[in-house]
Amino acid sequence: AQSVTQLDSQVPVFEEAPVELRCNYSSSVSVYLFWYVQYPNQGLQLLLKYLSGSTLVKGINGFEAEFNKSQTSFHLRKPSVHISDTAEYFCAVRGANNLFFGTGTRLTVIP
Amino acid sequence: GAGVSQSPSNKVTEKGKDVELRCDPISGHTALYWYRQSLGQGLEFLIYFQGNSAPDKSGLPSDRFSAERTGGSVSTLTIQRTQQEDSAVYLCASSSQVFQNTEAFFGQGTRLTVV
């Protein structure tokens, strides 16, 4: 079975500062990993994904994430955040079939 | 269709009534998921359909909840005898089994309010 843990429920950060949103997963099989973003009053959209290959994946809006198998982590990072990055971020893991999400991290960018 | 379509977008129902929520997945997607999103609770997995395989119903919170997927396409989530704690946004997603396109695409959700 797979599961996902997002350790931080809320992350406030000043505009133009770097940010890291943490995600740890557990799985007994090979996994695919995803980050989704949900802007206020909108649906979920894919930010980036790791399927195989390079452990550093780049997504939309300047975000990137690094897959670390030994630490079972897939942390999301951005070197400089904008006001428009204020949203809820969800990490997800897909194993053989099902797709499980973490509880989400609310990123608030402070002007 | 171009994306995952859910209907209705909003539903207000009285406690004790039954409701049906509909999901039209992206054409050709064999996997379909239902999730529930409550305020501050993240995405709670409900049920997963994959092709003709038996669905994974392990996330359904009670026997008042059921779902079906007809012809491998449209899915309906039914909640019987609704309770106030059922109030939430119900999200549907679909995905392809093609490796490079395995991410899930989400609909806009149905906001259910039980009064």
In this structure, the FRET efficiency calculated for B:Glu85 and A:Leu46 from their beta-carbon separation, with R0 = 35 Å, to the nearest 0.05, is 0.70
Order the peptides B:7-17, B:68-78 from the highest to the lowest mean number of other Cβ atoms within 10 Å of their residues. B:68-78, B:7-17
Over the range A:3-110, what is the mean sequence separation of C-alpha contacts under 8 Å (at least six apart), divided by residue count, expressed as relative contact order in percent? 39
Would you mind getting me the FRET efficiency between B:Asn52 and A:Val11? Use the beta-carbon distance for r and R0 = 35 Å, nearest 0.05. 0.25
Averaged over all viewing directions, the convex hull of the alpha carbons in the protein assembly as shown casts a projected area in nm² of 12.4
Which pairs in the list B:Lys15/B:Lys57; B:Lys17/B:Lys57; A:Lys49/B:Lys15 are over 29 Å apart, alpha-carbon to alpha-carbon? A:Lys49/B:Lys15
Scoring the range B:6-115 by relative contact order with C-alpha pairs under 8 Å, at least six apart, yields a percentage of 38
Can you give the average number of partner chain beta-carbon atoms within 10 Å of each beta-carbon in peptide B:28-38, as a whole number? 2
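Hey, could you grab the Kirkwood Rh for the range B:5-114? Inverse mean 1/r over distinct alpha carbon pairs, Å, one decimal.
Computed over Cα pairs of the range B:5-114, the Kirkwood hydrodynamic radius comes out at 14.0 Å.
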Would you give the gap between the C-alpha center of the range A:1-53 and the C-alpha center of the range B:67-92, rounded to a whole Å? 26
Antiparallel DSSP beta bridges within the protein assembly as shown, percent to nearest 5: 90
Using a Gaussian network model of chain A whose springs link C-alpha atoms within less than 10 Å, name the residue from A:Tyr25, A:Tyr39, A:Tyr89 with the highest mean-square fluctuation. A:Tyr39
If R0 = 22 Å, then B:Ser7 and B:Val115, at their Cβ-Cβ distance, give a FRET efficiency to the nearest 0.05 of 0.65
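No value in this document is a laboratory result; all are computed from the given coordinates. Nothing here was measured: the structure is a model prediction, and the numbers come from that model. In this analysis, Cβ positions are derived from the backbone assuming ideal geometry, glycine residues included, and neighbour counts consider all displayed protein chains.
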